[in-house]
Amino acid sequence: MKIVHISDTHGLHGHMLEEWLFEISEKECPDVIVHSGDFMQKSMNWESAIEFIDWYANLPFKNKILVPGNHDCFLQKLSENSQLRKEFTPSNLHLLIDEAVIIDDIKFYGSPYTPAFMNWCFMLDKTQQRVHWESIPQDTAILITHGPAYGVLDQTSVASNAGHLGCPFLKKRIQELKLKAHLFGHIHGGYGKLDINGYSAFNGSSLSEGYQVTNRPHVFTI
């Protein structure tokens, strides 16, 4: 299975990123595209959410997975309203909010939650984090979270004294799993790939720390 991964597009999903994705579609023919959150710029703007979903649903990839991020506050409403979610989500898009989907016998599990920071959405305090990540199914092959695990592509160069910003409880849970890949974003400065402990970690942040589209989508095969 060939997978393309993007994240943290913040309303800038057209233009250069779109060109890259169409080029990848033509040359690589991926089976799945994954967006691991923060597709919105204005977090409660209905129109911008609809515009992105329409764009994403019409990309030339057979299977599309979307996991929200902390900027995607409108989608937190969907997690609380099943009828609204049904109306919002196209049939050819898998929206994962602490849910799994199996594609060609590969289990993907997605969660939007990150450690609490300011007043954003889909956030957990330390007590909640301890319990939350236990819900990741043991047979998950591809884990998609908005944020990174502690110590894995989770540093920013803007605040050099910030240290590692990933979740230590997520790291602990990952060590108990037999993943093939972990896809995430959130920390723009952590963009890249790291092979670690038998799986591949991908920070797919499309935007730089200055919110410019600088980082190409990752494409990988499992």
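Each value in this text was obtained by applying a stated rule to the coordinates, not by laboratory testing. The structure displayed is predicted, hence computed values, not measured ones. Using ideal geometry, Cβ is built from the backbone for each residue, glycine included, and neighbour counts are taken over all protein chains shown.
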- request: May I ask you to derive the relative contact order of the range 1-157, considering only C-alpha pairs under 8 Å and at least 6 residues apart, and to give it as an integer percent?
  value: 20 percent
task: Run the dipole for the chain about the Cα centre, Lys and Arg Cβ at +1, Asp and Glu Cβ at -1, nothing else charged, and hand back the magnitude in debye, nearest 20.
output: 540 debye
task: Once you have a ≥ b ≥ c as the square roots of the Cα gyration tensor eigenvalues for the range 1-87, tell me rounded if a/c is under 1.5, and otherwise prolate or oblate according to whether a/b is larger than b/c.
output: prolate
task: Could you calculate the contour length gain from Asn45 to Gln212, that is, 0.36 nm times the residue separation minus the distance between their Cα atoms, to one decimal place in nm?
output: 58.0 nm
Distance in nm between pseudo-label sites at Lys107 and Lys193 (7 Å out along the Cβ direction from Cα): 2.5 nm
- request: Sequence neighbours fewer than 8 away in the same chain don't count; with that in mind, list the lysines whose C-alpha is under 25 Å from Lys193.
  value: Lys2, Lys27, Lys62, Lys64, Lys107, Lys171, Lys172, Lys178, Lys180
query: What distance in nm separates the simple spin-label points at Trp120 and Gln83, each placed 7 Å from Cα in the Cβ direction?
result: 3.2 nm
- prompt: What cysteines in the chain have no other cysteine with a beta carbon less than 4.7 Å from their beta carbon?
  reply: Cys29, Cys167
